[in-house]
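Step one of this worksheet: look at the structure below.
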Amino acid sequence: MSRKGNSTKKKTRTPYALAALVVVVIVAVAGYYVYSSSSASTKSSTSTQLTGGCPAVTQTGGPNLIYACIKTNWGSMEIELFPADAPKTVANFVNLANSGFYNNLIWHRIAPGFVIQTGDPTTRNGEGNRSLWGQGGSSQTVPLEIDPALHNTAGFIGMARSSDPNSGSSQFYINLGPNTNLDGNYTVFGEVISGMPVAYAIAAVPTYGTSSTQYYEQPVNPANAVLISVTILSGA
């Protein structure tokens, strides 16, 4: 009787023990899954800051909504263009992008804390005469278009030009800081709305310093500062 009783009691306890064990295992597995998912999500978020592509634009395109993706070797930046404020400049930029004009150019001017600049066809594939970098453009020019509500502050995009106010063509720059001294002199026609860390990464690329006047502000290794393409995403 004694052994039978113990056996019966043991059998009575076994299902509960097994159930408790199952619960512990499930909780442990679930906890690990949540931790792993969280870690993967965090890692993905961090890695895509500089290597992710532009997301599909969810906004409905329209006359005042044009978006583009600036793809570089450091990742991509999504930009919003301002056709209502700078219609001729934006139309020219869109046409050049759609024609593939911006493919494989170099960010030929890198000035940390100030701007990064590209759009010169003489820099294509990092080739050509470096002494001419920064002097090229497209066959079209656009007039100066000023909106007093738009400013040269970090993330905003401006059209570069020569001493002639109406000589804007294909070269553009991205402001890295508060450059309001440029206001009124250069057309501001867009803004980076996603991926600004990419611009700062390009700004950190080693360049020829002030001791080299010929290649001043050019990247030492052009492969480190490539504008791969500009793709119009919607609204155009």
* Asked: Can you find even one residue in the stretch 128-142 that is under 22 Å from Ala203 (Cβ atoms), among the hydroxyl-bearing types (Ser, Thr, Tyr), assigned by TED's automatic domain parsing to the domain that holds Ile202 and surrounded by 14 or more Cβ atoms within 10 Å (Cβ to Cβ)?
  -> no
* Out of all the residues in the stretch 218-225, is one or more part of a loop (DSSP other than H, G, I, E, B), closer than 19 Å to Gly128 by Cα, of a type in the set (Gly, Ala, Ser) and touching a helix residue (DSSP H, G or I) at 6+ places or on another chain (Cβ under 8 Å)? -> yes
* To do: Evaluate the following for Thr187: is it among the β-branched types (Val, Ile, Thr), under 24 Å from Ile232 (Cα atoms) and free of Cβ contacts under 8 Å to residues at least 24 places away in the same chain?
  => no
* So Pro165, is it over 23 Å from Gly137 (Cβ atoms) and not in a helix (DSSP H, G or I) -> no
* Asked: Here are Phe101, Phe93: which of them is more than 25 Å from Gln214 (Cα to Cα), modelled with pLDDT of 95 or more and assigned to a helix (DSSP H, G or I)?
  -> Phe93
* With respect to Phe114, determine if the residue is in contact (Cβ under 8 Å) with a residue 40 or more places away in the chain, touching a Leu at 6+ places or on another chain (Cβ under 8 Å) and within 12 Å of Phe189 (Cα to Cα). => no
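Inspect all residues belonging to the stretch 188-203 and state whether any of them is in contact with a helix residue (DSSP H, G or I) (Cβ under 7 Å, 6 or more places away or on another chain), assigned to a loop (DSSP other than H, G, I, E, B) and assigned by TED's automatic domain parsing to the domain that holds Gly134.
No: zero hits.
The values are calculated or read from the model by the stated rules, or taken from the named source; none is laboratory data. The structure presented is a predicted model; accordingly, all values stated were derived computationally and were not measured. Glycine gets a Cβ as well: all are built from the backbone with ideal geometry, and neighbour counts include every protein chain shown.
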